[in-house]
Amino acid sequence: MDSRQPAATKEPKMNASEKQVSDKAAEGRVLKTRASKRRAPAATAPKAGKKPKAPNKPPAAARRGTKTAKILALLRRPAGASLPELRKATGWQPHSVRGFLSGAVKRKMGLHIDSVARDDGERAYRLVSK
């Protein structure tokens, strides 16, 4: 008088969501998949919380003694500064120096940088007037 059922008649275990799906499928309803529930792309209207950037804002001066001030001083020289010179002044890796030049100096400060090849094969970077 064993209360266990034989393995052949045992139903596989399902969680609640699987039971709902099987019940609805049995009723003949068509189920929506995740792909069909996707929303339409959002409108491209400007967000209310963001303010537009002020055009032609003069660049903020770097504080004295900072790495930014050191780099700008090297770039203002007539001969400019090479990557090893900029690395030595800051202690940064080459990719960090190049990223700073393109991100902070060019984009954020709005300064123009000229890159020329020197006679010794090194590339020199310098600030140019607008």
> With respect to ARG76, is the statement that it is under 16 Å from VAL128 (Cβ atoms), among the basic types (Lys, Arg) and either loosely packed, with under 14 Cβ neighbours inside 10 Å or at pLDDT below 95 (or both) true?
Replying inline: yes
> Got a number for residues in the range 70-90 being part of a strand (DSSP E or B) and at positive phi?
Replying inline: 0
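The values are calculated or read from the model by the stated rules, or taken from the named source; none is laboratory data. Because the structure is a prediction, the values reported are computed rather than measured. All Cβ positions, even for glycine, are placed from backbone atoms using ideal geometry, and neighbour counts span all protein chains on display.
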